[in-house]
1. Give the calculated FRET efficiency between K2 and I26 to the nearest 0.05, with a Förster radius of 22 Å applied to their Cβ-Cβ distance.
2. Charges only on Cβ, +1 for Lys and Arg, -1 for Asp and Glu: so what's the dipole of the chain about the Cα centre, in debye to the nearest 20?
3. Based only on other Cβ atoms within 10 Å, what is the fewest-to-most ordering of L237, L190, L49?
4. For the range 29-47 and the range 213-232, what is the separation of their C-alpha centers, rounded to whole Å?
5. What are the ³J(HN,Hα) values, in whole Hz, obtained from phi via the Karplus relation 6.51 cos²θ - 1.76 cosθ + 1.60 with θ = phi - 60°, for each residue of the range 152-157 in sequence order, with x given for Gly and Pro?
6. Mean separation of Cα pairs under 8 Å and 6+ residues apart, divided by the residue count of the range 2-209: what relative contact order is that in percent?
7. Indicate, rounded to the nearest 5 percent, the antiparallel portion of the DSSP beta bridges found entirely in the range 2-209.
8. Which of K191, K242, K157 ends up with the largest GNM mean-square fluctuation for the chain, with Cα atoms connected below 10 Å?
Amino acid sequence: MKIVVCLKQVAAHDAPLRLNAAGTWIQEADLSFAINEPDLYALEEALRLKEKHGGEVVVCCLGPARAQAAIKEALAKGAERALHLDNPALEGLDPCGVARALAQAIRKENPDLVLTGLQSDDWGYAQTGVLLAELLGFPHSTIIMEIQVHGNALRVKRELEAGWFQWIEMPLPALLTIQSGINKPRYATLKGIMAAKNKPVQKLTPADLGLTPEDLAPRQKVSKVYVPAKKGQTEFLQGSPKEIAARLVDKLKNESRVL
């Protein structure tokens, strides 16, 4: 079984975030970065499936040169090789552009299964995985909490609302977006870290993927990123307890809209 895992590098959870001068994104200079958390669970699930059913795990990552750290970590944990989509033309893509670039790289691998994290810790669109499945022509399912492989088919457990779950059967090849908490991600061993130095990382450009600027043109654009203004207001309600209660209920219902 060949499994492709899509990884994204994002700002670390404890990194201090400051907006850039244009107010369009955060300042990335001097930030520490890490693998997107849901993608870590996708990687771990792929490694477990490989250990149980055989095959190989291929990492596919779109990002600048610094994303090499995320790729090396994935290789150290057990992935066999990696594809790195690294080119200035691939920076600042929207989910559709990212999915289109990933699809061109993954299609050549002819995988049995593609795993992505449910969403990214930075933008949180949760769109790339399902768009990628559509472009590949793969059946897909989202928010996966368990995977069972039976020959050329899958049985997967989806998380729904209010504590409900759903079991789905689907054929291979397929794409799944993985929910955080499906497993416990492993740490890279010293042996794995040393072995990662000799594992192949193939760098790909838009030209290698047969993509033109028109193919990567954004379908959506973020105009502004901002920190919500902090504001507070105190109001004293006067009158009898009955009058105060009636006014309080009215404000909670019509002003705060919490009722």
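Throughout, read-outs are computed from the coordinates displayed, never taken from laboratory work. What you see is a predicted model, and the numbers here were worked out from it, not measured in a lab. Neighbour counts run over all protein chains shown; Cβ positions are idealised from the backbone, glycine included.
1. Between K2 and I26 the formula returns 0.05.
2. My answer is approximately 300 debye.
3. Ascending number of Cβ neighbours within 10 Å: L190, L237, L49.
4. Each part's Cα centre sits 23 Å from the other's.
5. Taking θ as phi minus 60°, the curve returns 9, 9, 10, 10, 10, 10 Hz for the range 152-157.
6. Rounded, it is 26 percent for the range 2-209.
7. Numbers: 17 of 43 bridges.
In the range 2-209, approximately 40 percent of DSSP beta bridges are antiparallel ones.
8. Result: K242 has the largest fluctuation of those listed.
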